[in-house]
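Heads up, the thing below is written out as structure tokens.
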Amino acid sequence: MLYQLYETQRAMMAPFAEFASASAKLYSHPLSPFAHVPMSQRVSAGFDLMHRLAKEYEKPAFGITSATVGGVEVAVQEQVALVKPFCRLLRFKRFTDNPQALAQMKSQPTVLVVAPLSGHHSTLLRDTVKSLLHDHKVFITDWTDARMVPADQGPFHLDDYVAYVQAFMRHIGPKVHVISVCQPTVPVLAAVSLMATASKKAGKADPHDFTPRTLTMMGGPIDARKSPTAVNNLALNKSHAWFEANVIFRVPPNYPGAGRRVYPGFLQHTGFVAMNPDRHVSSHYDYFRDLIRGDDDSAEAHRQFYDEYNAVLDMPAEYYLDTIKTVFQDFALVNGSWRVHGEAVRPQDITTSALLTIEGELDDISGAGQTQAAHGLCTGIPAARRFHYNVEGAGHYGIFSGRRWRETVYPRLRNFIAEHDHGAPAQPRSKTPGAARRPARG
């Protein structure tokens with residue numbers, strides 16, 4: 001019933017959002033007589049803010065059309081490499097006529113970015129992809145809004161998520177480097193662990209069961225018991241039955257996924273805002289003031305952030321409930337009790353990959369030590385091939401987006417991948433600034 005009420009409210013607000021948008025232009029367009037009345041700029045700013053608070057936010061586009069490789073600008077085309085009911089594997093294919101840049105692109109490492117399925121679209125990692133394209137061939141998971149998946153496609157569990165990651169790695173091939181951001185650190189570690197275990201059981205190299213050359217895990221709840229945040233506490237303080245009874249709803253009839261049980265995106269968005277309400281109120285007030293002052297650059301930066309932040313998707317109910325129980329209540333990965341499709345998840349069986357974990361000092365979603373806990377699980381990886389980096393002054397989003405990502409985190413990640421691109425034992429580490437240097441000891 002709550003979903004239907006939300007849809008009714010959204011439909012009722014739509015005309016007001018359009019009216020506010022038109023009124024904002026009426027009081028700001030230089031050819032409009034209303035733009036020259038007293039206080040017109042303030043009135044326009046008020047209507048503009050009203051429009052943004054009332055409008056519906058659709059999934060943004062990546063909008064990446066170019067990258068720089070070796071000082072040469074190359075074209076980028078977004079391609080669909082593989083399609084599954086709940087996810088598309090996207091590739092950002094680069095093109096150039098410059099022979100030097102082409103040769104450099106062909107020799108660069110291949111990266112699979114596993115985007116989170118936790119409320120936002122994969123475009124949240126736009127800045128991550130942009131940076132990676134300078135030095136890598138890039139693939140990314142693009143999760144489908146569950147309300148757009150017909151009910152006859154069946155359920156989608158956490159085990160299915162693990163299977164999807166394995167299918168994407170096999171499609172790309174054994175030379176892949178995997179980067180998981182936030183939520184997928186857990187299922188990605190499970191996927192790689194299961195492939196390593198299968199290869200170990202076979203007793204020989206299997207082209208279908210391999211481990212990637214490197215594993216990079218950024219701000220994820222590998223061990224949610226460490227430095228628990230508000231997200232962790234909510235999962236612990238409520239029972240599994242409470243979540244199923246209070247946050248799971250059926251998709252209304254006006255969507256392809258009508259009747260499917262989901263955790264609605266609007267509930268997740270409400271939770272995001274509730275974590276830092278003062279910050280969002282202040283941000284919108286600053287936007288209002290920027291419009292009055294005519295600070296177009298700051299106003300546009302606000303629009304770009306909230307166009308992404310306010311665009312949310314529904315998650316399959318089975319996947320959401322599985323994640324709550326497995327990751328945040330049973331801590332099944334760190335307790336060694338997790339089984340995926342009947343197979344035990346054994347991170348200690350991973351031996352050939354190099355591991356890098358990255359955490360933000362001020363992360364209020366995945367607390368300190370939660371991601372670093374992967375080192376204590378991946379004991380089969382030699383200490384010389386395991387690294388941890390704590391990003392000073394960075395919050396959750398700062399480790400994969402923004403200035404700190406571009407200037408501090410990405411250079412370390414780039415050097416880490418380059419150093420381990422050939423799957424050889426770790427060489428003496430470079431003293432070049434930005435190289436990942438510190439072995440983690442678990």
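Spatial offset of region 62-80 relative to region 158-236 amounts to 28 Å, using the alpha carbon center of each. A Förster radius of 22 Å combined with the Cβ-Cβ distance from Val72 to Asp297 puts the calculated FRET efficiency at roughly 0.20.
Provide the net charge surrounding Gly154, with neighbours chosen by a C-beta distance below 14 Å and charges set as Lys +1, Arg +1, Asp -1, Glu -1.
Working: positive: Lys84, Arg260, Arg261; negative: Asp152, Asp159, Asp160, Glu318.
Cβ neighbours under 14 Å give a net charge of -1.
Is the shape of region 10-89 best called rounded, prolate or oblate, per the rule: a/c under 1.5 gives rounded, else a/b larger than b/c gives prolate, else oblate, with a ≥ b ≥ c the square roots of the Cα gyration tensor eigenvalues? Because a/c hits 1.5 or more and a/b fails to exceed b/c, region 10-89 counts as oblate. The fraction of all Cα pairs in the chain landing in successive 10 Å bins from 0 to the largest distance is 4, 19, 29, 26, 14, 6, 1, 0, 0, given as whole percents. Only one residue of Ile324, His120, Ala14 has its Cα farthest out toward the positive end of the dipole of the chain, where Lys and Arg carry +1 and Asp and Glu -1 on Cβ, and that residue is Ile324.
Magnitude of the Cβ-charge dipole of the chain, K/R +1 and D/E -1, about the Cα centre, nearest 20 debye? Please report the intermediate quantities before stating the final value.
On the way: 47 positive and 42 negative charges, 252 e Å.
In debye, rounded to 20, the chain gives about 1220.
With only Lys, Arg, Asp and Glu charged, each at its Cβ (+1 for the first two, -1 for the last two), find how big the charge dipole of region 1-70 is about the Cα centre; round to the nearest 20 debye. Walk me through the numbers before you get to the answer.
Details: 6 positive and 5 negative charges, 29 e Å.
Dipole size: approximately 140 debye.
Annotation: lysines with alpha-carbon distance below 20 angstrom to Lys55 (same-chain offsets under eight excluded): Lys25. Measuring nothing but how far apart in sequence close Cα pairs (under 8 Å, 6+ apart) lie, relative to its length, the chain scores a relative contact order of 17 percent.
Electrostatic bookkeeping for His134 treats Lys and Arg as +1 and Asp and Glu as -1; over the other residues with beta carbon under 11 Å from its beta carbon, the sum is +2.
Starting with the fewest neighbours, write out Glu392, Glu359 ranked by other beta-carbon atoms found within 10 Å of each beta-carbon.
Details: Glu392 10, Glu359 25.
Final ranking by Cβ density, sparse to dense: Glu392, Glu359.
Placing a label point 7 Å from the Cα of His134 along the Cα-to-Cβ direction, the residues of region 59-75 whose backbone N falls under 17 Å of that point are 64-75. For the pair His422 and Glu7, label points projected 7 Å from Cα toward Cβ lie 5.8 nm apart. In the calculated pair-distance distribution of region 94-208, the portion above 18 angstrom amounts to 59 percent of the Cα-Cα pairs.
Between rounded, prolate and oblate, where does region 27-150 land on the alpha carbon gyration tensor, with a ≥ b ≥ c its root eigenvalues, rounded for a/c under 1.5, else prolate if a/b exceeds b/c? Mind dumping the intermediate values first?
On the way: a/c = 3.64, a/b = 1.67, b/c = 2.18.
It comes out oblate by the Cα gyration axes.
Going from the fewest other Cβ atoms within 10 Å to the most, the residues Ile350, Ile64 appear in the order Ile64, Ile350. What helices does the chain have that are whole DSSP H segments, at least 27 Å long along their own axis by Cα, and with mean Kyte-Doolittle hydropathy of 1.6 or more? Length and hydropathy pass: none found.
Over 26 Å apart at the Cα level, from the set Lys130/Lys200; Lys226/Lys325; Lys93/Lys175; Lys106/Lys130, are Lys130/Lys200.
Ranking Ser282, His302, Pro252 by Cα position along the charge dipole of region 247-354, where only Lys, Arg, Asp and Glu carry charges on their C-beta atoms, puts Pro252 farthest toward the positive end. Considering only Gly380, Gly154, Gly259, the mean-square fluctuation computed in a Gaussian network model of the chain, springs between alpha carbons under 10 angstrom, is largest for Gly154. Could you compute the FRET efficiency for Leu26 and Asn254, with r as their C-beta to C-beta distance and R0 at 41 Å, rounded to 0.05? E(calc), rounded to 0.05, equals 0.85. Think of the chain as a dipole: +1 on every Lys or Arg Cβ, -1 on every Asp or Glu Cβ, centred on the Cα centre; then among Ala151, Leu234, Thr352, Thr352 lies furthest on the positive end.
By other beta-carbon atoms within 10 Å, ranking Lys106, Lys55, Lys93 with the fewest at the front produces Lys106, Lys93, Lys55. Give me the distance between the Cα centres of region 241-320 and region 34-48, rounded to whole Å. What the calculation gives is 28 Å, centre to centre. Distances between placed amide hydrogens fall under 5 Å for Val176 paired with Arg213, all partners being 5 or more residues away or on another chain. For Ser282 and Arg403, the FRET efficiency from 1/(1 + (r/R0)^6), where r spans their Cβ atoms and R0 equals 25 Å, is about 0.80.
Any read-out appearing in this document is the output of simple, stated calculations on the displayed coordinates, not a laboratory observation. Every value quoted in this text rests on a predicted model; they were computed, and no experiment measured them. Neighbour counts are summed over all protein chains in view; Cβ atoms, including those assigned to glycine, are modelled from backbone coordinates with ideal geometry.
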